[in-house]
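Student: Supplied in structure tokens, the structure appears directly below.
The values are calculated or read from the model by the stated rules, or taken from the named source; none is laboratory data. Since we're looking at a predicted model, the values are computed, not measured. All Cβ positions, even for glycine, are placed from backbone atoms using ideal geometry, and neighbour counts span all protein chains on display.
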Amino acid sequence: MSKRIDLAVPFEEKDEAKKFYVEWDDEKRVWWTTEAFMCKELERWLPFQPTPEEVIESLPAFASTDDDRTSVELMSQTCEFAEWMLLMLPGGLWGAFLRADLEGRAASAVAEGHYQDGCRYLSGKPADTLGFMRENRIYQGVLGKDDDSWPLDAADHDDLDGSSPSYCVGLLTVGNQTLEVQLPASCEKLMAHLADHAPVPHRDSRLSLQVFAYLDSYTPDSVKYPLREQLHLAREISQKLCIPMSSLERENRAACAAFIAQHKAELTMYRAIFKELNSGMWPLAKLINNYVKWSAARSALSSDVAWESIAESLGVKTRATVEKYAASATQAEIETPELLTEPLFQDLIQLGREGASVELAVRERVEALTWQRFSRERLIRAALRKQATIERVE
């Protein structure tokens, strides 16, 4: 019998994993497959394992030094984009340097004078470099109207016939690909009929190729918008992994799909790390919130505040409950001494006493730790790929 292989499939990616031969184990709450059905596409869901330290020690430097990062920061000029650094370089050059690249060898390349290798863009004019940064932002914020839908009135597109008053949008599926097509409003019933009744041609059939070629040739770029779901996923990749999205990737479906395909394995790794770190988030937040309540009861009792007042402020009814809270504070300090010694716990307790959201603060810390671990692992794996390429060439 083929050996079982458990998969670490994030909830957000379960529908994609279900396209392959996977099963759900309701008891262990995990997706799994077997060696017989294991394939390259499923490898991205193998449980995340950090690269062993002995492997890392065998690599040449994969991260920049403090001196390298300082050198880059000294070259940085005022810039309106938080994710970019505008570098004023020797020889009258201006470089667009992604701030997320500071930890990697890109910073070392700039410090060593290899500006082309370290910067994402070089120009002799600062305006051109700023223009590149503007066109390649880390895509944040809500989806705008122009991003997630096509307007019914397409007369504002320069390359469309403004004489046609309105358009309808339909979905055309060929093989395993689906395209949005824009047609005159009079075709709306036809598109609905085709969506419900038309057969789906095989992906590699001659008809499929002709349809895609025709649509690609005659559909203007200004209306080749990505689907809403694509944009949401692309935005998540860009924001969480600190990867810029070009205007083309935001506006053109093919470019958006290519962006997602290029980075979806890294997003899976990010989600796996986040899930691991996040597993202790709610217990920690609950402990802090309870301790804030319990210690408030203990402090008030020790100050001879009437138990009725304490009960009212804490939303309880009996003196026994107030006394139980006070005893629970002491017990928590015995079981978790970090409450009194660790700066993290102290900061969270202070936030709770000030009425701020402990859950939000814990989540932000988990996200920061996830990024640190993910970005380091990404650097290591990039160094491993580079080393493997060099070995193949040699």
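Student: Among (1) without any contact (Cβ under 8 Å) to a residue 24 or more places away in the chain; (2) in contact with a helix residue (DSSP H, G or I) (Cβ under 8 Å, 6 or more places away or on another chain); (3) closer than 30 Å to Glu103 by Cα, which single condition is Glu338 missing?
Tutor: Here Glu338 clears every test but (3).
Conditions (1) without any contact (Cβ under 8 Å) to a residue 60 or more places away in the chain; (2) β-branched (Val, Ile, Thr); (3) in contact with a helix residue (DSSP H, G or I) (Cβ under 8 Å, 6 or more places away or on another chain), marked per residue:
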| position | (1), (2), (3) |
| --- | --- |
| Tyr325 | yes, no, yes |
| Ser328 | yes, no, yes |
| Thr370 | no, yes, yes |
| Glu377 | no, no, yes |
| Gln387 | no, no, no |
| Val393 | yes, yes, no |
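Student: Any residue in the range 17-30 that is part of a loop (DSSP other than H, G, I, E, B), modelled with pLDDT of 90 or more, at negative phi and buried (at least 16 other Cβ atoms within 10 Å of the Cβ)?
Tutor: yes
Student: Is it the case that some residue within the range 256-268 is in contact with a Pro (Cβ under 8 Å, 6 or more places away or on another chain), on the phi < 0 side of the Ramachandran plot, part of a helix (DSSP H, G or I) and free of Cβ contacts under 8 Å to residues at least 40 places away in the same chain? Explain how you work it out, then say what you get.
Tutor: First pass over the range 256-268, keeping only residues in contact with a Pro (Cβ under 8 Å, 6 or more places away or on another chain): 256-257, 268.
Then keep just the ones that are on the phi < 0 side of the Ramachandran plot; that gives 256-257, 268.
Next, from what is left, pick out any that are part of a helix (DSSP H, G or I): 256-257, 268.
Pick out the ones that are also free of Cβ contacts under 8 Å to residues at least 40 places away in the same chain and you get 256-257.
Yes: one or more hits.
Student: Just to be sure I understand, how many residues within the range 341-368 are of a type outside the set (Val, Ile, Thr), in contact (Cβ under 8 Å) with a residue 60 or more places away in the chain and within 30 Å of Thr51 (Cβ to Cβ)?
Tutor: Selection size over the range 341-368: 2.
Student: Then there's this: Is it the case that some residue within the range 63-71 is in a helix (DSSP H, G or I), of a type in the set (Lys, Arg) and touching a Leu at 6+ places or on another chain (Cβ under 8 Å)?
Tutor: Quick first cut of the range 63-71, residues in a helix (DSSP H, G or I) only: 66-71.
The next check asks that each one be of a type in the set (Lys, Arg); those that pass are 69.
In the following step, the residues that additionally are touching a Leu at 6+ places or on another chain (Cβ under 8 Å) were identified as 69.
Among the residues of the range 63-71, at least one is in a helix (DSSP H, G or I), of a type in the set (Lys, Arg) and touching a Leu at 6+ places or on another chain (Cβ under 8 Å), which makes the answer yes.
Student: Considering only residues that are closer than 24 Å to Ser123 by Cα and aromatic (Phe, Trp, Tyr), look in the range 55-89 and name the one that is surrounded by the most Cβ atoms within 10 Å (Cβ to Cβ).
Tutor: Looking at the filtered set, the residue picked out is Trp84.
Student: I've got another one for you. Only one of (1) outside any helix (DSSP H, G or I); (2) in contact with a Gly (Cβ under 9 Å, 6 or more places away or on another chain) fails for Gly113. Which number is that?
Tutor: Evaluating Gly113 over (1) outside any helix (DSSP H, G or I); (2) in contact with a Gly (Cβ under 9 Å, 6 or more places away or on another chain) leaves (2) as the failure.
Student: Go over the candidates Glu43, Glu83, Glu54 one by one and state the one that is under 30 Å from Asp128 (Cα atoms) and not hydroxyl-bearing (Ser, Thr, Tyr).
Tutor: Just a single option satisfies the conditions, and that option is Glu83.
Student: Now for a separate question. Condition (residue is in contact (Cβ under 8 Å) with a residue 60 or more places away in the chain, over 26 Å from Glu12 (Cβ atoms), under 26 Å from the mean Cα position of the chain (by Cα) and not in a helix (DSSP H, G or I)) applied to the range 33-55: is it met by at least one residue?
Tutor: no
Student: Another one. For the range 4-21, name all the residues that are closer than 12 Å to Thr268 by Cα and either of a type in the set (A, V, I, L, M) or without any contact (Cβ under 8 Å) to a residue 40 or more places away in the chain (or both).
Tutor: First, the residues of the range 4-21 that are closer than 12 Å to Thr268 by Cα: 7-14, 16-17.
Passing the criteria: Leu7, Ala8, Val9, Phe11, Lys14, Glu16, Ala17.
Student: Now a separate question. Among the numbered criteria (1) surrounded by fewer than 18 Cβ atoms within 10 Å (Cβ to Cβ); (2) at pLDDT 95 or above; (3) closer than 30 Å to Glu266 by Cβ, which one does Gln331 miss?
Tutor: Status for Gln331: all satisfied but (3).
Student: Something else about it: Could you list, in sequence order, the residues of the range 231-249 that are assigned to a helix (DSSP H, G or I), closer than 24 Å to Cys119 by Cβ and within 12 Å of the chain's Cα centre (by Cα)?
Tutor: Within the range 231-249, the subset assigned to a helix (DSSP H, G or I) is 231-241, 247-249.
Filter again for closer than 24 Å to Cys119 by Cβ, leaving 234, 237-241, 247-249.
Answer for the range 231-249, where residues must be assigned to a helix (DSSP H, G or I), closer than 24 Å to Cys119 by Cβ and within 12 Å of the chain's Cα centre (by Cα): Ala234, Ile237, Ser238, Gln239, Lys240, Leu241.
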